[in-house]
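J.: Have a look at the structure that comes next, please.
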Amino acid sequence: MSVPISMSASSATTVRTTRTREQTPATTIDSATPIISTHRVTYSDRLKVFVGTGETIDNFLRPLRRLDGYHRYSVQLTRLPAPLSPAEITPEISSAPGQNYLRCTGSAEALELELRTTVDSVTRRFTVGRAGHRDGEPGICVQVPDNMTAPWIYPDEVFTAEEAAGIFAAYFHFGTVPPGLELRETAD
């Protein structure tokens, strides 16, 4: 809605516009019901946040878009062994590396995705990629801080933040990467 014209300090005519906010009904939250966490998200090996049901692709896309390969260089989504309430999350659980996770490393423009999962009671690590030829040694080095070993990957294993967000959302909801992606086993 427009309000009356006023004069600014420079004597130029200005029109001030104000917007009315739409009123939304208040949402009632039962504080007696604890939020149950199913996953832990670790940002660049530092900040850890526990998340539960209701996460959307945007919740993964925002931090992935901020990755720069130096200060912000990774996002790791670890499946907890069982759903936990806040009271059940101990320092040991918070700091445990986790057996099953999806991790991306690099910058928003070039990310490597690593899936760690247990297959037949054996924990295995894979680099996630699209279908393609993988002849010879990987030729793309992903940008990471100087104190880390940089991962080398094939061209079909490079993802953008937008592509990675969809893979993170699928892993969060289904416990695996989407169909059609290939997994290349890597050494631990």
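J.: Rounded to the nearest whole Å³, what is the per residue volume of the convex hull around the Cα atoms of segment 29-165? Working shown, then result.
T.: Numbers: hull volume 19.0 nm³, N = 137.
Measuring per residue, one finds 139 Å³ for the Cα hull of segment 29-165.
J.: A follow-up question, please. Can you give the Rg and Dmax of segment 74-119 based on its C-alpha atoms, in angstrom?
T.: That works out to 12.8, 38 Å for Rg and Dmax.
J.: Right, here's the next one. Ignoring ligands, DNA and RNA, what accessible area per residue does segment 55-180 give at 1.4 Å, in Å²? Before the final figure, lay out the partial values.
T.: Details: 6630 Å² over 126 residues.
Computed with neighbouring chains in place, this is 53 Å² per residue.
J.: What is the Cα coordinate range of segment 38-103 on the first, second and third principal axes, sorted by size from largest, in whole angstrom?
T.: Each principal axis gives a Cα extent; for segment 38-103 these are 33, 24, 19 Å.
J.: Got a number for carbon plus sulfur as a percent of segment 94-177's accessible area, 1.4 Å probe?
T.: Answer for segment 94-177 is 51 percent, counting heavy atoms of protein chains only.
J.: Continuing with this model, one more query. What is the calculated FRET efficiency for Glu182 to Ala87, with r their C-beta to C-beta distance and R₀ = 30 Å, to the nearest 0.05? Could you put the intermediate results ahead of the total?
T.: Numbers: r = 41 Å, r/R0 = 1.36.
The pair Glu182/Ala87 has a calculated efficiency of 0.15.
J.: Here is a further query. What does the highest-first list of 132-142, 54-64, 99-109, 74-84 look like by mean Cβ count within 10 Å? Intermediate results must be reported in sequence, preceding the final value.
T.: On the way: 132-142: 11.8, 54-64: 15.8, 99-109: 20.7, 74-84: 18.1.
Result, highest mean Cβ count within 10 Å first: 99-109, 74-84, 54-64, 132-142.
J.: Moving on to the next point. Can you give the Rg to Rh ratio for segment 97-169, taking only C-alpha atoms and Rh from Kirkwood? Write out the running numbers ahead of the final one.
T.: Working: Rg = 12.7 Å, Rh = 13.1 Å.
Result: Rg/Rh = 0.97.
The values are calculated or read from the model by the stated rules, or taken from the named source; none is laboratory data. The structure displayed is predicted, hence computed values, not measured ones. So basically every Cβ, Gly included, is an ideal-geometry build from the backbone, and we count neighbours across all protein chains shown. The area values use the complete protein model at the heavy-atom level, side chains included, leaving out ligands, DNA and RNA. Shrake-Rupley method; radii C 1.70, N 1.55, O 1.52, S 1.80 Å.
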